[in-house]
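Working notes, structure below.
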Amino acid sequence: MKEVQVYSPATIANLCCGFDVLGMALNEPADEMIFRKSPSPGVHITKILGAQLSKQPDKNVVGVVLEKILHHLSNKKLGIEVEIYKNIKPGSGIGSSAASAAGAAVGANILLGTNLKPIDLIKFALEGERLASGTGHADNVAPAILGGISLVKSYCPLEIISLPSPKKLWATIIHPDIEIKTLDARQILNKKVSMKDAVKQWGNVGALVSALYRDDVYLLNRSLEDFIAEPLRSIFIPAFYALKIECKKVGAIGGGISGSGPSVFMLSKNKDIAEKIAKRMTEIYTFLPIKYRIYISTINNTGVKYNFK
């Protein structure tokens with residue numbers, strides 16, 4: 001095997017009510033990475049396009065994950081070189097660092113033939129997330145690796161549950177061209193929440209999971225509420241509440257902040273409505289002095305994809 005080409009998907013974390021425990025993989029956009037065995041031991045990042053990131057392995061999400069895997073294998077002669085093509089902008093809120101971390105874990109596993117289990121790949125990917133955001137949260141890397149919608153049942157021990165993915169569910173995402181670092185977005189959150197808000201949040205998480213199993217769009221609509229992070233993080237996102245209100249008028253099931261922002265996602269039950277949502281988002285942002293991108297995607301049910309070159 002000469003090289004492995006990997007496509008690692010963007011993800012929507014939290015899904016409004018599931019802070020740090022819910023995430024969904026998208027088909028678009030996706031990062032690309034190319035992995036090769038190197039005659040020189042260790043990790044070698046040979047090319048990075050699409051973002052200004054360090055090529056020093058211990059300061060790069062991909063590099064950290066690869067180093068952890070090589071250390072786990074206890075073979076000091078092994079070497080990996082990697083090219084990174086970032087199509088998911090860092091600080092976008094759609095899992096840029098998770099795409100890097102998940103792609104690195106899967107790419108190394110395939111290249112080296114280590115046959116690591118998915119849960120182990122997620123654990124290695126968490127080390128990349130720890131570098132990027134200061135904490136190893138799995139709500140992005142789990143769906144990026146497993147595909148579909150993931151629920152993080154617990155972190156110690158790490159336990160991930162794959163939830164049903166409605167076949168006709170579409171996501172429309174607007175990414176304002178501003179950067180919100182995950183670490184900063186986490187620091188503004190309250191360390192304690194009221195019992196009243198906690199109870200409402202738990203109710204929504206349970207209802208959302210039930211909606212997925214029942215394929216119940218109306219229950220899903222009523223579950224996509226966030227009483228914990230959204231009130232604090234939304235102030236950094238231009239026209240956030242206008243987006244929520246106006247997109248529902250054209251048929252959105254519901255939505256909110258993707259991850260830590262600034263991206264905002266809206267779910268819908270078909271492509272036609274997804275495109276109407278994109279049009280309404282464009283109408284709102286046309287009057288703002290901010291560049292933006294809009295993505296329309298179905299759910300990625302396979303996770304990281306790869307092929308051999």
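The values are calculated or read from the model by the stated rules, or taken from the named source; none is laboratory data. Please read all numbers here as calculations on a predicted model, not as lab measurements. Cβ atoms come from the backbone with ideal geometry, glycine included; neighbour counts cover every protein chain shown.
Summary of computed values
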read-out	value
Considering residues of segment 65-84 that are in a helix (DSSP H, G or I) and free of Cβ contacts under 8 Å to residues at least 60 places away in the same chain only, the residue nearest to ILE178 (Cα to Cα)	LEU66
Those residues of segment 234-281 which are among the polar types (S, T, N, Q) and either in the same structural domain as THR11 (by TED's automatic domain parsing) or within 15 Å of PRO176 (Cβ to Cβ) (or both), in sequence order	SER234, SER258, SER260, SER263
Residue under evaluation ILE161, criteria (1) farther than 16 Å from GLY259 by Cβ; (2) touching a residue at least 12 places away in the same chain (Cβ under 8 Å), criterion not met	(2)
Selected residue [in contact (Cβ under 8 Å) with a residue 12 or more places away in the chain, crowded, with 18+ Cβ neighbours inside 10 Å and not assigned by TED's automatic domain parsing to the domain that holds ALA105] from ILE145, ILE178, ILE149, ILE174	ILE174
Residue match in segment 255-265 (condition: over 28 Å from ALA132 (Cβ atoms) and touching a helix residue (DSSP H, G or I) at 6+ places or on another chain (Cβ under 8 Å))	no
Enumeration of residues in segment 21-49 that are surrounded by fewer than 17 Cβ atoms within 10 Å (Cβ to Cβ) and within 30 Å of SER297 (Cα to Cα)	GLU28, LYS47, LEU49
In segment 220-247, the residues that are among the charged types (D, E, K, R), buried (at least 17 other Cβ atoms within 10 Å of the Cβ) and over 21 Å from the mean Cα position of the chain (by Cα)	GLU246
First in segment 120-137 and among the aromatic types (Phe, Trp, Tyr), second anywhere and at pLDDT below 95 and buried (at least 22 other Cβ atoms within 10 Å of the Cβ), Cβ under 8 Å, 6 or more apart	none
Filter pass, ASN87 being closer than 21 Å to THR302 by Cα, over 12 Å from the mean Cα position of the chain (by Cα), outside any helix (DSSP H, G or I) and without any contact (Cβ under 8 Å) to a residue 12 or more places away in the chain	no
Condition broken by ILE290, with the remaining ones in (1) assigned to a loop (DSSP other than H, G, I, E, B); (2) surrounded by 19 or more Cβ atoms within 10 Å (Cβ to Cβ) satisfied	(2)
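Here's the yes/no breakdown for (1) in a loop (DSSP other than H, G, I, E, B); (2) of a type in the set (Ser, Thr, Tyr); (3) not assigned by TED's automatic domain parsing to the domain that holds ASN221:
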position: THR11; (1), (2), (3): no, yes, yes
position: CYS16; (1), (2), (3): yes, no, yes
position: PHE19; (1), (2), (3): yes, no, yes
position: ILE34; (1), (2), (3): no, no, yes
position: ILE48; (1), (2), (3): no, no, yes
position: GLN52; (1), (2), (3): yes, no, yes
position: GLY63; (1), (2), (3): no, no, yes
